[in-house]
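Engineer: Pasting in a structure now, in structure tokens, and then I'll have a few things to ask.
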Amino acid sequence: DMLTILPNKLYLSQETQAVKRNPEMKAFVTPEDVEYIPFCDDFGPFDITSVIFFSCTLTDEMDAHRSKRIVYLVDTDPRRLTNSVFLLGAFLMLTRKMEPGQVWAKFSSIEETLLEPYRDASFDPPDFALSLLDCWRGLWRAMSLHWLALPTTRPTVWGQIDLEEYEHYEDPLNGDITQVVPGKLIAFKGPVDLGSSMYSDRQGFRRFSPSYYVQVFQHLGVKTVVRLNEECYHRSAFENHRIRHVDLPVRG
């Protein structure tokens, strides 16, 4: 069976062979570059760069095969199916300006047991379930505030998100920094006192000193650092560069 997403244009299906045998259809799968790397037992949702890359790839596929019906082939595994539905819903919001309720209506016929709520990044039993609708509402909020929008003059700038800068700093080799609220809030890997070294590679991981982040934060306009984890560096490493430092430890 196929689920109609956009009549005569876009469909969702798990029937791989049937689609590939039909000359009026063009199979589409999640691009290999769109991959969620879990921390623990988490499995998504994807970050904004993956959402944008997926949307651009699917748009190009639809444009290249206008005479055919594009069928997004998805896995039966609940987690993989959930991620596919999330991406396709985000595509509808970004490219068709559908609101979260309209997007959910497209997938409401999918049995609830076939999908799995998102969870926190741990191995403990989850105590909160993040639904697809929750994720789409967050995306819609970002769009309504113009944090996220289709590019106009520069193809790499989507609203207030510069994809090149976002991907650069998100890389674990460049600081593992994620922009949460454009111009207001970032999340980053806790630094470690490494003496005079800016970073250290050990056991397959890169650790960064406060001095590395000071340079990046001055570029990004960061004024305050809030430390949530254990003390692995002295706060003066930031305060000496006029970056306010606050400790707000989260107890496990």
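Engineer: Hey, ARG206 hits all of (1) assigned to a helix (DSSP H, G or I); (2) open to solvent by 40 Å² or more (accessible area, probe 1.4 Å) but one; which does it fall short on?
Structural biologist: (1)
Engineer: Contact list please: Cβ distance under 7 Å, first residue in the stretch 218-239 and in a loop (DSSP other than H, G, I, E, B), second residue open to solvent by 70 Å² or more (accessible area, probe 1.4 Å), pairs at least six apart or on different chains.
Structural biologist: From the stretch 218-239, the pairs are LYS223/ARG244; LEU228/LEU248; LEU228/VAL250; CYS232/ASP193; TYR233/ASP193; HIS234/ASP193.
Engineer: How many residues does the stretch 173-194 hold that are under 15 Å from the mean Cα position of the chain (by Cα), assigned to a loop (DSSP other than H, G, I, E, B) and of a type outside the set (Asp, Glu)?
Structural biologist: 1
Engineer: So in the stretch 33-48, with the set limited to residues that are open to solvent by 100 Å² or more (accessible area, probe 1.4 Å) and either hydrophobic (A, V, I, L, M, F, W, C) or modelled with pLDDT of 95 or more (or both), which one is farthest from PHE123 (Cα to Cα)?
Structural biologist: Here the residue is ILE37.
Engineer: Then there is this: Kindly list, by first and then second residue, each pair from a residue in the stretch 15-27 that is under 17 Å from THR76 (Cβ atoms) and assigned to a strand (DSSP E or B) to a residue that is modelled with pLDDT of 95 or more and not basic (Lys, Arg), limited to pairs with Cβ atoms under 7 Å and residues at least 6 apart or on different chains.
Structural biologist: That search, which allows pairs on different chains as well, returns ALA27/VAL71; ALA27/LEU73.
Engineer: Go through the residues of the stretch 16-26 one by one and say whether even a single one is touching a helix residue (DSSP H, G or I) at 6+ places or on another chain (Cβ under 8 Å), of a type in the set (Lys, Arg) and surrounded by 12 or more Cβ atoms within 10 Å (Cβ to Cβ).
Structural biologist: yes
Engineer: Here is a follow-up. Suppose we filter LEU248, LEU228 for residues that are at pLDDT below 95, in contact with a strand residue (DSSP E or B) (Cβ under 6 Å, 6 or more places away or on another chain) and within 27 Å of ILE161 (Cβ to Cβ); which single one remains?
Structural biologist: After applying the criteria, what remains is LEU248.
The values are calculated or read from the model by the stated rules, or taken from the named source; none is laboratory data. Note that the coordinates shown come from a computational prediction; the quantities given were computed from them, not determined experimentally. We place every Cβ from the backbone using ideal geometry, glycine too, and count neighbours over all the protein chains shown. Remember, those area values only see protein heavy atoms, side chains included, never the ligands or the DNA or RNA. Shrake-Rupley method; radii C 1.70, N 1.55, O 1.52, S 1.80 Å.
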